[in-house]
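Below: one structure, written as structure tokens.
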There are 2 protein chains.
Amino acid sequence: MEALRRMILEKGKGIGNDIVKVDMFLNHRIDTALLFQMGEAWADEFRNEKPETVLTVEASGIAMAVAAAHALGDIPVVFAKKSATVVQNDDIVQAPVYSFTHKTQNMIRIEKRYLPEGTRVLIIDDFLADGQAVHGLMSLCEQQKAVVVGVGIAVEKGFQPGGKALREAGVHLKSLAVVEGIENGNIVLRPDDN
Amino acid sequence: MEALRRMILEKGKGIGNDIVKVDMFLNHRIDTALLFQMGEAWADEFRNEKPETVLTVEASGIAMAVAAAHALGDIPVVFAKKSATVVQNDDIVQAPVYSFTHKTQNMIRIEKRYLPEGTRVLIIDDFLADGQAVHGLMSLCEQQKAVVVGVGIAVEKGFQPGGKALREAGVHLKSLAVVEGIENGNIVLRPDDN
């Protein structure tokens, strides 16, 4: 997506070999105009899949999920909550998410009734690297017998294995920008062919 | 705001004396159509204050801040991050927020450069009870010499002191719904005169 790619090149920062910092327009300060353009781009990609609910995980996925849901005709958003602990509660469904960055495992969870069986779900998240968060969200859907019709990502780290694995598994994945790598602090983007 | 009031009465749940559960349309599952109507209502209230940035705190304030910012012409959103710890970093500004519910004190923080001196700030949050979160956000603004032009809240607990204190301090506060109390599990709303 051209507007996002341009913003990443103009304002994003590459740190070390693998940190892509987009705090200034995506996940601390939000460029609202860009956000809603991103929502339109995901909606264009996934409209034919007829998603009924957008699923994401707090906190930085929420803004993007809202923009996508708005562009898809104001379908509902559900955001999974993060917690350090497993809880015992028949009303919720949970899945582990391992963070390679923080070397910790967290649980994500939703109340079951917000994701009824058969719901057509579009997963939206800000980053895709190892794919742990997306797999956690897919696990919630699977446990609920909901149908994942697509996965929309803002920034995919193309040099990490998450995106490739999802595509090989036949998941309809759309990353609005794919980072190939970081060279001397400069972010190198893949040509926009997803 | 009539649509929010109706939704609270239809789907909200009162628990005990003071818990107002609106998970099913506001802060776990989000009713996106209602969310954007709420954004319009805040924009109508605060447009003349000429806000330049919407400030909130993760996680459940983010969706509402995005809706308000969109209705105000796609002005940027900044969301403060929560953490259990104080950090030493010249680039950030932080403030304590005490939670009466959890009996814990957390820090909220933002990167200073996202709230430059003189910025006209609209604070948006989902709940107002004791006012601790709003005071934390106002403290961030004060430390940055940013100007708080208004505070927009989705659900104010009118039986707790936060709203009254802000109004008495002359803050331009707009709560879209004010809960007077909970009677036998039923949520009682104040007539919509804010």
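The values are calculated or read from the model by the stated rules, or taken from the named source; none is laboratory data. All values reported here derive from a predicted model rather than from experimental measurement. Ideal geometry is used to build each Cβ from the backbone, glycine not excepted, and the neighbour counts take in all protein chains shown. Ligands, DNA and RNA are stripped out before the accessible areas are found, and what is left, the full protein with its side chains, is counted by its heavy atoms. Shrake-Rupley method; radii C 1.70, N 1.55, O 1.52, S 1.80 Å.
Which pairs, out of A:50/B:81; A:21/B:145; A:103/A:164, put more than 28 Å between their alpha-carbon atoms?
On the way: A:50/B:81 34 Å; A:21/B:145 26 Å; A:103/A:164 22 Å.
In this structure, A:50/B:81 exceed 28 Å between Cα atoms.
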(request) Kindly write out, for the range A:170-176 in residue order, the coupling ³J(HN,Hα) from the Karplus curve 6.51 cos²θ - 1.76 cosθ + 1.60 (θ = phi - 60°), rounded to whole Hz, with x marking Gly and Pro. (result) x, 6, 6, 10, 10, 9, 6
(message) Are there any residues in the range B:62-109 with a reduction of at least 30 Å² in accessible surface when going from the isolated chain to the assembly of protein chains? Probe 1.4 Å, please list them by number.
(response) B:62, B:66, B:70, B:74, B:76, B:77, B:79, B:81
(message) For chain A, what does the helix formula give at 222 nm: sum of -39500 (n - 2.57) over DSSP H segments with n ≥ 4, over the residue count, nearest 500 deg cm²/dmol?
(response) -8500 deg cm²/dmol
(message) Taking the 0 to 90 degree range and rounding to the nearest ten, how far is the long axis of helix B:61-71 tilted relative to the main principal axis of chain B, both from C-alpha atoms?
(response) 80 degrees
(request) Rank A:121, A:171, A:77 by mean-square fluctuation in a GNM of chain A with C-alpha springs under 10 angstrom and give only the top-ranked residue. (result) A:171
(message) Tell me the per residue accessible area of the range B:41-194 using a 1.4 Å probe; a whole number in Å² is fine.
(response) 43 Å²
(request) Measure off, as a whole percent, the carbon and sulfur share of the 1.4 Å-probe accessible area of chain B, all protein chains present. (result) 47 percent
(message) So if I restrict to the alpha-carbon atoms in the range A:34-172, what is the Rg, and what is Dmax, the biggest pairwise distance, in Å?
(response) 14.1, 40
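Would you tally the net charge around residue B:130, using a Cβ to Cβ cut-off of less than 15 Å, leaving residue B:130 out, and scoring K and R as +1, D and E as -1?
Values: positive: B:103, B:157, B:164, B:167; negative: B:18, B:125, B:126, B:156, B:168.
Net of charged neighbours comes to -1.
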(request) Please work out the Cα center distance from the range B:1-30 to the range B:163-194, rounded to the nearest Å. (result) 14 Å
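Tell me, what does the Kirkwood hydrodynamic radius of the range B:116-168 come to in angstroms if you use every pair of distinct C-alpha atoms? Could you put the intermediate results ahead of the total?
Working: mean 1/r = 0.0885 Å⁻¹.
It is 11.3 Å.
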(request) Normalising by the residue count of the range B:70-194, find the relative contact order in percent from Cα pairs under 8 Å and 6+ residues apart. (result) 18 percent
(message) What do you get for chymotrypsin sites (Phe, Trp or Tyr not before Pro) in the range B:47-120 restricted to DSSP loop and a cutoff of at most 16 other Cβ within 10 Å of the site's Cβ?
(response) B:100
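Determine one quarter of the surface area of the Cα convex hull of the protein assembly as shown, which equals its mean projected area, and express it in nm² to one decimal.
Numbers: hull surface 74.2 nm².
The number I arrive at for the protein assembly as shown is 18.6 nm².
Assuming 0.36 nm per residue, please report the length gained on full extension of the stretch residue B:105 to residue B:183 beyond their Cα-Cα distance. Mind dumping the intermediate values first?
Numbers: separation 78, 0.36 × 78 = 28.08 nm, distance 3.00 nm.
Taking 0.36 nm per residue and subtracting the Cα distance, the gain is 25.1 nm.
Can you pull the semi-axes for the range A:1-92, root of five times each eigenvalue of the Cα gyration tensor, sorted largest first, whole Å? Don't jump to the answer; show the numbers that get you there.
Numbers: eigenvalues 132, 89, 21 Å².
After scaling each eigenvalue by five and taking roots: 26, 21, 10 Å.
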(request) Between copies, how far apart are the residue A:85 label points? List them in nm, one decimal, shortest first, with each point 7 Å from Cα toward Cβ, please? (result) 2.1
(request) Please give the helix A:132-143 orientation as an angle from the longest Cα principal axis of chain A, in degrees from 0 to 90, rounded to the nearest 10. (result) 20 degrees
(request) Name the residues of the range B:27-58, by number, that are at least 50 Å² less accessible with every protein chain in place than in the isolated chain; the surface is that of heavy atoms, probe 1.4 Å, without ligands or nucleic acids. (result) B:28, B:29, B:30, B:32, B:36
(message) Going 7 Å from Cα along the Cα-Cβ axis for the label, what nanometre distances separate residue B:16 from the same residue across the other copies?
(response) 4.2
